Amino acid sequence: MLIQFSVTNYRSIRERQTLSLVAGSGKELPQNKFALDRDKLSLLHSVAIYGGNATGKSNLLTAMKFAGGFVTSSAKDKQKGEPIEVEPFLLSAAFEKAASEFEFIFVQDGIRYQYGFSATKERVTEEYLFAFKTTHAQTWFHRIWNETSSSYDWTPFSKYLKGNLATIKQVTRDNALFVSTSVLMNNEALSPVVQWFQKTLAVVRMHALSRSFSIKQIEASNENKNKIIQLLQVADLEIHDINIQSNPVIKEDLPIKMSEALKSVLSESLKIDNVRNEVFFLHRHNDGGDKVPIDFKDESRGTKALFSAAGPVFDVLEKGKVLAIDEIDSSLHPLLVRFIIGLFHNAETNPNNAQLIFVTHDVTQLDSDLLRRDQVWLVEKDAQQSTTLHSLSDYSPRKQESLQKGYLHGRYGGLPNVGHLNMPILRRSDTSGQ
């Protein structure tokens, strides 16, 4: 589970911005939060991120996705001297040359970790890990790049870190993370940290979700299939069953302009190694006869979007993951979005305390019957054109206040700055002398 994420100097984000999933003291909607008894914290099951276009809402999730990917792959995907794909704030010379910073506070296997790193395109400039095996933080490792000596300064390793640490330290490249290198070299002590990024954190864009994950879920068990069918039926879709047909990729599926010789070679290989999954939704015939199969491609965009989202959503709920999803309202009716959010607030559908972070423009979700005040975050640009993030709780709205109305009236910020077009009024030219 995620407690907090912070990022500095990444894309449109200049100063440090922090997204917290720690619940406030408000008593409303108790089902929307859960307790971390050991740490005496309550965490939120979901948070919503609002803001105008081009304010940097998506950049917050992009930063999360980049950092998670770098943790899991920097040691194996990077070669010595290869640049790191950080994207600093470009509208300031000082920030353009400075390191980008990322920090996660999360719980894995009952232990709270605080992990962070800073990086330029050339190297990791700082990396640290604090663990809370007791009530106090323990520094497991900390390295900082020393410009004077052109080397890293390291604090002593924690007694909780075992294994060939001296060797791992020596082989960790400037453009790779120590945790990534440690796991690559089978260090078990740091494995839970990297596993959290690999198996718990999922950052996706709604319109980029593919149907393949939902297909795999259906093929895995009838229980998964029934869940997905029920979700589609909740959307008032007359879908009564789903058929998956797996066919080998054949020569006719390859590009027309490809030579016949190459088509033959590829098609023979693809028949062995690849299949094309075709999805058919079975609709009930009006005359009460056999169910009618309709090809996935012939369904509406909303049906396709809901099917593609169903697999990942149920997987996250079942395994207690953290799902960060951009443009959750893309192609979905607001009531369907509301239903998906509600799945995370329901103890029966979310028994393992999965968390949802979603970016949206859909103001109908700004409802005090759905979201607590501390579940709403607002993004806007400051005078330096950099992204700022703040909680709706900062404005202390009243418990029964209409959040939607207050937001649209600009009471909390996070609205687009809509100007006026200075356009001449088009008039019909009078050439007839009338």
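Quick note: the coordinates plus some simple rules give every number you see, no bench work behind them. Predicted model only: the values in this text are computed from it and were never measured. So basically every Cβ, Gly included, is an ideal-geometry build from the backbone, and we count neighbours across all protein chains shown.
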Seminar exercise, completed: Ordered by number, the GluC sites (Glu not before Pro) in segment 1-107 that occupy a DSSP loop and have at most 16 other Cβ atoms within 10 Å are 15, 28, 85
Exercise. Given charges of +1 on the Cβ of Lys and Arg and -1 on the Cβ of Asp and Glu, with all other atoms neutral, how large is the dipole of segment 169-236 about its Cα centre, in debye to the nearest 20?
Worked result: 120 debye
Exercise. Using θ = phi - 60° and the Karplus form 6.51 cos²θ - 1.76 cosθ + 1.60, what ³J(HN,Hα) does each residue of segment 124-137 get, whole Hz, x for Gly and Pro?
Worked result: 6, 9, 7, 7, 8, 9, 10, 10, 10, 6, 10, 6, 10, 6
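More than 14 Å apart: what percent of Cα pairs in segment 53-114 qualify? Working shown, then result.
Details: 1310 of 1891 pairs.
Taking all Cα-Cα pairs of segment 53-114, the fraction more than 14 Å apart is 69 percent.
May I ask which of 40/227; 169/321; 216/321; 65/381; 33/78; 162/199 have a Cα-Cα span longer than 29 Å here? Show your work: numbers first, answer last.
Working: 40/227 34 Å; 169/321 31 Å; 216/321 18 Å; 65/381 21 Å; 33/78 39 Å; 162/199 23 Å.
Over 29 Å apart, Cα to Cα: 40/227; 169/321; 33/78.
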For this session: Residues in segment 1-31, backbone N under 16 Å from the label point at residue 383 (7 Å along the Cα-to-beta-carbon vector): list them, ranges by number please.
Result: 15
Problem set entry | Value of D in µm² per second that Stokes-Einstein yields for segment 331-380, Kirkwood Rh from Cα pairs, at 37 °C (0.692 mPa s) | 275 µm²/s
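For 231, 43, which order do you get if you count the other beta carbons within 10 Å of each Cβ and list the fewest first?
Ascending Cβ contact count within 10 Å gives the list 43, 231.
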For this session: Name the shape class, rounded, prolate or oblate, that the alpha-carbon gyration tensor gives for segment 13-91, where a ≥ b ≥ c are the square roots of its eigenvalues, rounded holds for a/c under 1.5, and otherwise prolate holds if a/b is larger than b/c and oblate otherwise.
Result: oblate
Seminar exercise, completed: So, with points 7 Å from each Cα along the Cβ direction, the residue 186-residue 198 label distance in nm works out to 1.4 nm
For this session: Tell me which residues come under 5 Å, amide H to amide H, from residue 33 once H is placed; ignore anything under 5 positions away on its chain.
Result: 45
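Can you put 327, 126 in order, fewest other beta carbons within 10 Å first?
Working: 327 20, 126 16.
Result, fewest neighbours first: 126, 327.
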Problem set entry | Protection proxy ranking of 304-313, 116-125 - average other beta-carbon atoms within 10 Å, highest first | 304-313, 116-125
For this session: Sort the following peptides by mean Cβ neighbour count (other Cβ atoms within 10 Å, averaged over residues), highest first: 47-55, 18-26.
Result: 47-55, 18-26
Problem set entry | segment 125-182 - Debye-derived log10 I(q)/I(0), Cα point model, q = 0.24 Å⁻¹ | -1.04
Exercise. Mind checking the dipole of segment 15-62: about its Cα centre, +1 per Lys or Arg Cβ, -1 per Asp or Glu Cβ, Debye to the nearest 20?
Worked result: 20 debye
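Suppose R0 equals 51 Å. What FRET efficiency, 1/(1 + (r/R0)^6) with r the Cβ-Cβ distance, do residue 148 and residue 238 give to the nearest 0.05?
On the way: r = 71 Å, r/R0 = 1.38.
So the FRET efficiency works out to roughly 0.10.
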Problem set entry | Full-extension gain in nm, residue 121 to residue 220, via 0.36 nm per residue minus C-alpha separation | 31.5 nm
